[in-house]
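Peer 1: Supplied in C-alpha cells, the structure appears directly below.
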C-alpha cells in the first residue's frame, strides 16, 4: 500500500525510506518545528486581542508578542537546519525578496521612521517564519496544527458569545453599520468573519483524512459564526474561493487559467463599477452608509497618492502615527479616526508608491497565480486548498487591508498558501491515471528544481 511523501508528494512504500532520506529530520527537530508552528499560529490568531486591547497603540510590538515571534522564528530556523537541506532552504523566493527589499528601502523616507522600522521588522519576521515553517514542518503536520488551532478558537468564540456577550458581541461596529455582530474574543467582527471563512476553507479542501463528522461540525459552526458576524466581504470572497478551487480541480490547461482569472477579473470589475461611476462616487462621499464609509476613506488615499505617486509615505507610515499621519490633512470627518484604508491595494499604494504596488501585485498575486496554474495534477488537492485561500485573500483586499499587514490573520494565511505553493511540483499539464508515471514526472520536476541555486 502506498502513501504520499509529505515533502515531495511522491508515492512510496510504507516502511521504506523516501528519496530524500538523508535530509529526514530527527524526532527532536520535528518536535521543535511543531512547537514553533503552534506558537506562531497562536500568536497570529490571538493578535487581535494583543493589539486592539492595548490602549492607544494599534500595532504594539513589544513584550511577550515580540519575544514570541522571534522565538518562533529561531525555533523554525533550528528545525529547518536540522534537516540538512543546505542554505538554499533558508532563502525565500526572489519576488518576495525584492518586495521586502523595497519595503525596507522605503523606511529611508518614511514619515515616522521609528514606526516604519518596527512594522517592517515584524512583517519580515512573519514572512521568514512562514517560509521556514512550511519547509521545516511537513505539509500534513503543519495543516493539522493550523486546523486544531482554528477549531479551538471557534469553540472559544462561541463560548464567549454565549457566556460573555459584552465581549463576544459587537454593537454598531462601524460608521454606517448598525446591528449586532458576533466577534467572540477577536475584538472586532472584521477579524472574526475572515477567520471563520478561512476555517471553512481549511476543513473543506484537502481534509479527507479528518473524520467527516468533525469536518461537518466545524464547517457548520464556522458558517453560523460567519453569518452572525455579518462580514459581507468574507462571505462573498469565501464563495469566490470555493468556486475557484473547484475550477482548478475540475478543469485543466487554458480553461483553468481563463476561468480563474476571469473570476478574479469579475471581482475587480464589481468594485470598480461600484466606485468608478461619478454618481456612485458622489453617493459614497455624501452618504457614509455606502460601503460603511469606505468611499470617503478611499478618496483621501487617492488624493495622497496623487501627490506622492512614486515613493509614498514609507512602509506602514500612513496610519497610526499620531498627529503626523497624512489622514489629518487629506481626510475629513470620521476618516480621521479610522486606522486603515479598508482596501489593501490603496493602502500599499500610499505607503510604497506605484513601484511598491507593482512589486506587491507581482510577488503576491501574479507570480503565485502563474505557479498555481502550472501545478502538477498529482497534487491537485493541495493546489485546490492554496487556490481557495489565495482567491479569498486577493478579493478580500478590495475592501479590507490585510496584505503585508504585519501579522494580520488573512495576510499570514495568504503567505502560508504562497509558501506551500512553492513546495508543490510543477510541470504536468494533464491528469494521469498511472501513479508510477505521475511519481516519475514529479520526481523529475523536483530534481530539476534542486539544481537551482535560489528558489524562484
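Peer 1: Treat each spin label as a single point 7 Å out from the Cα along the C-beta direction, and report the residue 152 to residue 113 distance in nm.
Peer 2: 4.2
Peer 1: How much length is gained if the chain between residue 334 and residue 366 is pulled fully straight, taking 0.36 nm per residue apart and subtracting their Cα-Cα distance, in nm to one decimal?
Peer 2: Contour length minus the Cα-Cα distance gives 8.1 nm.
Peer 1: Can you give the extra length, in nm with one decimal, that the chain gains between residue 209 and residue 31 once fully stretched, where that is 0.36 nm per residue apart less the Cα-Cα distance?
Peer 2: 61.9 nm
Peer 1: What shape does the stretch 114-231 have by the C-alpha gyration tensor, where a ≥ b ≥ c are the square roots of the eigenvalues, rounded means a/c under 1.5, and otherwise prolate means a/b greater than b/c and oblate the rest?
Peer 2: oblate
Peer 1: When a/c is below 1.5 the answer is rounded, else prolate if a/b is larger than b/c, else oblate, so apply that to the stretch 62-113 with a ≥ b ≥ c taken from the square roots of the Cα gyration tensor eigenvalues.
Peer 2: oblate
Coordinate-derived values only; no laboratory data. What you see is a predicted model; the values in this text were computed from it and never measured. When we count neighbours, we look across all protein chains shown, and the Cβ atoms used for this are built from the backbone with ideal geometry, even at glycine.
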